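Step one of this worksheet: look at the structure below.
What follows draws every value from the coordinates through simple rules; no lab data is involved. Bear in mind the structure is a predicted one, so any value in this text is a computation, not a measurement. Neighbour counts are summed over all protein chains in view; Cβ atoms, including those assigned to glycine, are modelled from backbone coordinates with ideal geometry.
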Amino acid sequence: MAQIPETRTALVKMSPGQASITTQSIPALKPGFMLVRVKALALNPADWTDIDYAGPNEVQLSKVNVTPSQSRYEGAVVGLDYAGIVVRVEPVGASRATSNMTTNKIFNPQDRVCGCAYGCNALDPNAGAFADYIVVQIDLQMHIPHHMGFEEAASLGVGVLSAGMGLFHVGNLKYPSYFTSLTGNQEENDDYSDDREWVLIYGGSTATGSIAIQFAKLAGYKVVTTCSPRNFELVMSLGADAVFDYKDPQIVSLIRTATSTNLKYALDTVATDSTAAICVGSFAFLPKSSAEVSGSNIRLYVCLLDPEMPMNTSVEVEKRAFLGYSCFGSKFYFEGDIFPATPSDHDFGVKITHLAERLLQLGKLRNHPISVNENESRTGGLEGVLMGLDALRLGTVSGRKLVYTM
Ligand SMILES: NC(=O)c1ccc[n+]([C@@H]2O[C@H](COP(=O)([O-])OP(=O)(O)OC[C@H]3O[C@@H](n4cnc5c(N)ncnc54)[C@H](OP(=O)(O)O)[C@@H]3O)[C@@H](O)[C@H]2O)c1
């Protein structure tokens, strides 16, 4: 059995805008969790926004049962995406299984694993990924296929959960039998009629968008997407049927024309007020007064953040914003609010990571492009992570995921 050190090195939020590399005890293993030796870490925008978060206002704080320091995630290990090697597994014993912990994933020491940890977790400060040893929830992790390196695999966790939730859980798009059977039979996949529905993946060159394009295509939809022209080739190579530059003043009419004015679903991975306006403007026209406004006719706008919807639209649109943290299946705190555990979100998280694991093995799902140890000195480790977070703050990273080796 591998020797487990007593301490680990972790990146911890100290105060708003400040995270430091610290030494701390290896967290205890709970049933349903496993200890992983981390080999690569990937960055997400949430990593730096959580570090910089200054905390809720006093009214919000008075409504949540957390300390002021907790409400700012202080003392919590940062980071979500990782890849590494399993060191020790603590399965959920039959007598100890809880409703929010399932056992259908089998991991053993030495397995190569990737997925998502819960960084800047106010209620469980040891749950983050940016450390040399981490503890992760077994049922949301994926085996890394043989053809994939740790660096590529590290980029997948958040993208799989977010894109999957946005499309098939929150977005309610059909989850075809091809997915459920996991046969990998391409003929089943190709059996599409010409009247496949269009979906808009706004922000196709984001890490979430690139996985979402692939999921939507595998599920049998036609994808229209937006990104900068430098990333057109990337999104087309992932399967997009049409792509437009979101800076084009005619973007709405371009999308409407491409979709024959028949768009009913959009996943907005950028989710600002202006991107919400573009998505909503692109929807098929359906007067608010129409008797058709119900069920399958609703125009659904699914977003990763929570932008304002445009005023005075002529189309009835339902907005659904979501937080991927609910996939962990536990109560969580986020920016001044407590969210209850949602077992159905957790069940979906288990299902979509299981599916993604299979698609990766079959070579049907590609990781977002990565850039390894990107900084002037090519520094890896947690020092490299800190430099990478500064690059994300500056907004200079386009069409690639920053990854740091450990
Ligand atoms: N709710 C959740 O659970 C959840 C989960 C994951 C992420 N998020 C949030 O979702 C957002 C995206 O995260 P991510 O990691 O997928 O992004 P990312 O990979 O960091 O996104 C970078 C890309 O954003 C694109 N972009 C920026 N502004 C754009 C615009 N106006 N229109 C279209 N594309 C634009 C750029 O595309 P070009 O270079 O091509 O211009 C760039 O390549 C972040 O705010 C993140 O915090 C939320």
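Compute the length gained on full extension between Asn312 and Thr257: take 0.36 nm times their separation in residues and subtract their Cα-Cα distance, giving the result in nm to one decimal. Numbers along the way, then the final one.
Working: separation 55, 0.36 × 55 = 19.80 nm, distance 2.20 nm.
Here the answer is 17.6 nm.
Within 10 Å of each residue's Cβ, count the other Cβ atoms and sort Ile298, Ile255, Ile26 from fewest upward. Let's see the in-between values first.
Details: Ile298 16, Ile255 27, Ile26 20.
The fewest-first ordering by Cβ neighbours comes to Ile298, Ile26, Ile255.
Using alpha carbons only, how many degrees (0 to 90, rounded to 10) separate the axis of helix 273-282 from the longest principal axis of the chain?
Between helix and principal axis, roughly 40 degrees.
By how many degrees, between 0 and 90 and to the nearest 10, does the Cα long axis of helix 207-218 differ from the longest principal axis of the chain?
Between helix and principal axis, roughly 60 degrees.
Can you tell me the FRET efficiency between Arg196 and Ser398 if r is taken as the Cβ-Cβ distance and R0 is 30 Å, rounded to the nearest 0.05? Kindly include the intermediate steps, with their values, before the conclusion.
On the way: r = 30 Å, r/R0 = 0.98.
The computed FRET efficiency comes out at 0.50.
Mind checking the full-extension length gain between Ile4 and Arg378? Use 0.36 nm per residue of separation minus the Cα-Cα distance, one decimal, nm.
Numbers: separation 374, 0.36 × 374 = 134.64 nm, distance 2.87 nm.
Residue separation times 0.36 nm, minus the Cα-Cα distance, leaves 131.8 nm.
I need Met309, Met406 ordered by Cβ neighbour count within 10 Å, fewest first.
Working: Met309 16, Met406 22.
Final ranking by Cβ density, sparse to dense: Met309, Met406.
Step through the table entries Lys30/Lys105; Lys331/Lys364; Lys222/Lys331; Lys30/Lys174; Lys319/Lys364; Lys217/Lys351, compare each Cα-Cα distance with 27 Å, and write down the pairs that go over it.
Numbers: Lys30/Lys105 16 Å; Lys331/Lys364 34 Å; Lys222/Lys331 36 Å; Lys30/Lys174 35 Å; Lys319/Lys364 30 Å; Lys217/Lys351 18 Å.
Checking Cα-Cα distances, Lys331/Lys364; Lys222/Lys331; Lys30/Lys174; Lys319/Lys364 exceed 27 Å.
Compute the distance in nm between two label points, each set 7 Å from the Cα along the Cα-to-Cβ direction, one at Asp248 and one at Val64.
4.1
Expressed in nm to one decimal, what extension gain is obtained for the pair Glu335 and Thr23 from 0.36 nm per residue of sequence separation less their Cα-Cα distance? Let's see the in-between values first.
Details: separation 312, 0.36 × 312 = 112.32 nm, distance 2.66 nm.
Length difference between fully extended and current span is 109.7 nm.
At 37 °C and 0.692 mPa s, grab the translational diffusion coefficient of the chain from Stokes-Einstein with a Kirkwood Rh over Cα pairs, rounded to a whole number in µm² per second.
Here the translational diffusion coefficient equals 151 µm²/s.
Quick one: helix 381-394 against the long Cα principal axis of the chain, what's the angle to the nearest 10°, folded into 0 to 90?
30
Which order results if Ser314, Ser377, Ser282 are arranged by neighbouring Cβ count within 10 Å, fewest first? Please report the intermediate quantities before stating the final value.
Details: Ser314 12, Ser377 9, Ser282 28.
Ranked by crowding around the Cβ, least crowded first: Ser377, Ser314, Ser282.
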